[in-house]
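Chemist: Structure below; questions to follow.
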Amino acid sequence: MTTISMSMFTGGIAQTNGYLVKLPGGMLLVDAPDGIVRWLKQEGAKVDAVLLTHQHFDHVLDAAAVAREHGCPVYCWEAYSPDLTLERLFKTMTGSAFAVPEFAVDHVLNGKTEIEVLGQKMQLFHVPGHSPDSVCFYLESQGVLFGGDVLFLDGVGRTDFPGGSFEQLATGIENHLWPLPDMTVVFPGHGDETTIGREREENPFVGAGA
């Protein structure tokens, strides 16, 4: 197993993680929270492709700007949707609207179980429950999972948004993530990294003792 070169940005109202990953064919960005465009400039980084774990606003606020400024394609489970970004929900709930700059999804991943991006093959696990379009990206050769808001250190994604379902989320984790090797490192959408083995045994929501 090799170790990937990676740096992490955390920002926006929900303290959302974005990951800049060096792959054989260039630089990959996983998720695009608010503020990451400025951070990329500070880092002097050139992004060659963007993967979105799901479209909730805190993960995609800078997606359009990254795609525009870096001229890179965007990969996502579904085409852009203001329902998936939660814009319509918050407008209905609060009466005040916020806007996620619309971004083009160059590669819609719905139905795929494997892709190759920048010379790196990765498996896709569609795990709805937090959001209908939630997907995890598994780099088997690196022992790494970019999990979005599916699985956290001692937690899971909230399931009270439209289209949410704890049963769906728990079933997806059990079917897709628990079979992975114990030492698989999980890089989540919020908080610190963890491992599959630890969460399988100790996660209070979906672990062995839940």
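Residue by residue, here is whether (1) touching a Lys or Arg at 6+ places or on another chain (Cβ under 7 Å); (2) more than 16 Å from Q142 (Cβ to Cβ); (3) at pLDDT 95 or above; (4) not in a strand (DSSP E or B) holds:
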site	(1), (2), (3), (4)
T2	no, no, no, yes
T10	no, yes, yes, no
N17	no, yes, yes, no
K22	no, no, yes, no
W39	no, yes, yes, yes
Q42	no, yes, yes, yes
V47	no, yes, yes, yes
V50	no, yes, yes, no
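Chemist: Sticking with this one: Within region 118-143, how many residues are among the hydroxyl-bearing types (S, T, Y) and free of Cβ contacts under 8 Å to residues at least 60 places away in the same chain? If you could, list the steps in order and put the result at the bottom.
Modeler: Kept after step one, since they are among the hydroxyl-bearing types (S, T, Y), are these residues of region 118-143: 131, 134, 138, 141.
If we keep only those that are free of Cβ contacts under 8 Å to residues at least 60 places away in the same chain too, we end up with 138.
Number of matching residues: 1.
Chemist: Please find, within region 26-37, the residue that is farthest from the chain's Cα centre (by Cα) out of those that are outside any strand (DSSP E or B) and either surrounded by 24 or more Cβ atoms within 10 Å (Cβ to Cβ) or modelled with pLDDT under 95 (or both).
Modeler: We begin by selecting, within region 26-37, every residue outside any strand (DSSP E or B); these are 31-37.
When the remaining residues are screened for being either surrounded by 24 or more Cβ atoms within 10 Å (Cβ to Cβ) or modelled with pLDDT under 95 (or both), the result is 31-33, 36.
Details: D31: 6, A32: 9, P33: 10, I36: 14 Å.
Residue satisfying both the conditions and the ranking: I36.
Chemist: Hey, another quick one. Which residues, counting only those in region 59-79, are crowded, with 17+ Cβ neighbours inside 10 Å and out of contact with any Ser or Thr (no Cβ under 9 Å at 6 or more places or on another chain)? Show your work before the answer.
Modeler: The initial filter retains those residues of region 59-79 that are crowded, with 17+ Cβ neighbours inside 10 Å, namely 59-67, 70, 72, 74-78.
Selection gives D62, A63, A64, A65, V66, A67, H70, C72, V74, Y75, E78.
Chemist: Also, quick follow-up: Does region 155-183 hold any residues that are in contact with a Leu (Cβ under 8 Å, 6 or more places away or on another chain) and more than 22 Å from Q142 (Cβ to Cβ), and which are they? Walk me through it before giving the result.
Modeler: Of the residues in region 155-183, the ones in contact with a Leu (Cβ under 8 Å, 6 or more places away or on another chain) are 156-157, 159, 161-162, 173, 177, 180.
Result: V156, G157, T159, F161, P162.
Chemist: Take region 41-58 and flag every residue that is open to solvent by less than 10 Å² (accessible area, probe 1.4 Å) and more than 29 Å from R158 (Cα to Cα). Reasoning before the result, please.
Modeler: Initially, region 41-58 is screened for residues open to solvent by less than 10 Å² (accessible area, probe 1.4 Å), giving 47, 49-56.
Passing the criteria: only V47.
The values are calculated or read from the model by the stated rules, or taken from the named source; none is laboratory data. Fair warning: this is a prediction, and the values are worked out from it, not measured in the lab. Note that each Cβ is placed from the backbone with ideal geometry, even for glycine, and that neighbours are counted across all protein chains shown. Heads up: the accessible areas ignore ligands, DNA and RNA and are worked out on the full protein's heavy atoms, side chains in. Shrake-Rupley method; radii C 1.70, N 1.55, O 1.52, S 1.80 Å.
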